[in-house]
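J.: Here it is, the structure, as structure tokens.
The values are calculated or read from the model by the stated rules, or taken from the named source; none is laboratory data. Values in this document were obtained by computation on a predicted structure and should not be read as measured data. Counting neighbours? That spans all protein chains shown, and the Cβs are built from the backbone with ideal geometry, glycine included. Areas reflect the complete protein model, heavy atoms only, side chains present, ligands, DNA and RNA absent. Shrake-Rupley method; radii C 1.70, N 1.55, O 1.52, S 1.80 Å.
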Amino acid sequence: MKFLKRTICKAAILALMVGMLNIHTVPLQAATTYYYVSVSGSDSNDGSSRNTAFKTLDKALSKASAGTTIFLLNGTYESSSTYKLSKNGTSSAPIKILNYSGHSPVVDFSSQPYADSSRGFQISGDYWIISGLTIKNAGDNGIYISGNNNRVQDCTITKCGDTGLQLSNGASYNQITRVTSTSNYDSKTDGENADGFAAKLSVGPGNVFRDCIALYNSDDGFDLYNATNAVKFYGCEASYNGTNSGNGQGFKVGGNYTADNHYLEDCVATGNKSRGFDQNNNTGYITLKNCIAQNNNVNFYFPKAPASGTHKFTGCQSINGTNKDKIVGATTSGCSFNL
């Protein structure tokens, strides 16, 4: 029970931190231009201060270039269309969309049609930073990334019509940090597709998830189906995923027989409908370090040896799984499995 309490406390604390953001960890000194957006603003303003803020994010984005910082003030910003972020920042001058200090803006896509193209934010450009927003009710993904070197942090994504945040189509060197993705559900397939997070369908190298939480999503917590490159996870949690026709894996670390050597450290999977950590036909080797699975139908399921190399499991614990774990082709150290 102490591990269950730990994972619930972690989820509660991180959700509270996201909801009460007061201070940015995003450095601002590289920005050369600042724009402000307010629900009480006007797009005829110049957007250069809180008192002369634009009304819409669209207006601010039309002005953005490398080095621009866009601040969203308190309020709910409604949009029926996708914000397509195709411009490029640079490593020293990214383009930023941030909550203003002490503010908790919500971007609501409730008026979008339920369709595969109805994403909230679609990032095909490079060097964007999105921080401190709540994104909800997108007709498809809340955030979809195919660009490179982007950062999403301290956000909540909820109640979207497909996966909350997805990396695909060559997305490389993106960092997803302290993001909670919860209660996403795709009605078209009775919940079979809406994960909390996905890095699937041909991502590039260098993608990292840190301290992210996937809760109560209809399909999986984290889905790495056909990733084609290794993804790293640190301190992430997948809990209580899988409803209706959804699979309900906590960390689905493969699929389609690609050889992707994913790395997971200090990750927790609790109470998922099916499996906590699932190989799912990945022919590569998986590294699990200090990972805990508890109260899943099966906590650890790795039934096939890798095509080359061995799985490496260190310090992992299986607690109260309904059915026994299956571990094949792995070297283990300091682990406690239910075999």
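J.: Helix-derived [θ] at 222 nm for the chain: sum -39500 (n - 2.57) over DSSP H runs of at least 4, divide by residue count, nearest 500?
T.: Theoretical 222 nm ellipticity from helices: -2500 deg cm²/dmol.
J.: In the structure displayed, which of 252/304; 63/159; 63/96 lie more than 22 Å apart, Cα to Cα?
T.: The pairs that break the limit, which is 22 Å between Cα atoms, are 63/159.
J.: Here is a further query. Treat every Asp and Glu Cβ in the stretch 39-172 as -1 and every Lys and Arg Cβ as +1, leave all other atoms uncharged, and give the resulting dipole magnitude about the Cα centre to the nearest 20 debye.
T.: Roughly 240 debye, rounded to the nearest 20.
J.: From the backbone phi of the stretch 267-284, what are the Karplus-calculated ³J(HN,Hα) couplings (6.51 cos²θ - 1.76 cosθ + 1.60, θ = phi - 60°) in whole Hz, Gly and Pro given as x?
T.: Whole-Hz 3J(HN,Hα) from phi for the stretch 267-284: 9, 10, 10, 10, x, 7, 4, 10, 10, x, 10, 10, 5, 6, 6, 6, 8, x.
J.: Follow-up question, since we're still on this one. Roughly speaking, to the nearest percent, how much of the chain's 1.4 Å accessible area is carbon and sulfur?
T.: Carbon-and-sulfur percentage of accessible area, whole number: 48.
J.: Using only the alpha-carbon atoms, how far is helix 2-19 inclined from the longest principal axis of the chain? Give it as 0 to 90 degrees, nearest 10.
T.: Between helix and principal axis, roughly 10 degrees.
J.: Just checking my list (1) 66, 35, 33; (2) 60, 44, 40; (3) 77, 44, 41 against Cα extents along the principal axes in Å computed from this structure; which label fits?
T.: The listed entry that was calculated here is (1).
J.: Now for a separate question. So who's got an amide H within less than 5 Å of the one on residue 35, skipping anything under 5 residues away but keeping other chains? H placed 1.01 Å off N, in plane.
T.: Counting only residues 5 or more places away or on other chains, the set is 69, 70, 71.
J.: Still on this structure, please answer the following. FRET efficiency for residue 81 and residue 322, Cβ-Cβ distance as r, R0 = 41 Å, nearest 0.05?
T.: Efficiency for this residue pair is about 0.40.
J.: Then there's this: Based on the alpha-carbon gyration tensor of the stretch 228-267, what equivalent-ellipsoid semi-axes (square roots of 5 times the eigenvalues) come out, in whole Å, largest first?
T.: Calculated on Cα positions only, the semi-axes equal 20, 16, 5 Å.
J.: Another question about this same structure. Please find, in a Gaussian network model of the chain (springs between Cα atoms separated by less than 10 Å), the residue of 221, 284, 250 whose mean-square fluctuation is greatest.
T.: Sorting by GNM fluctuation, first place goes to 284.
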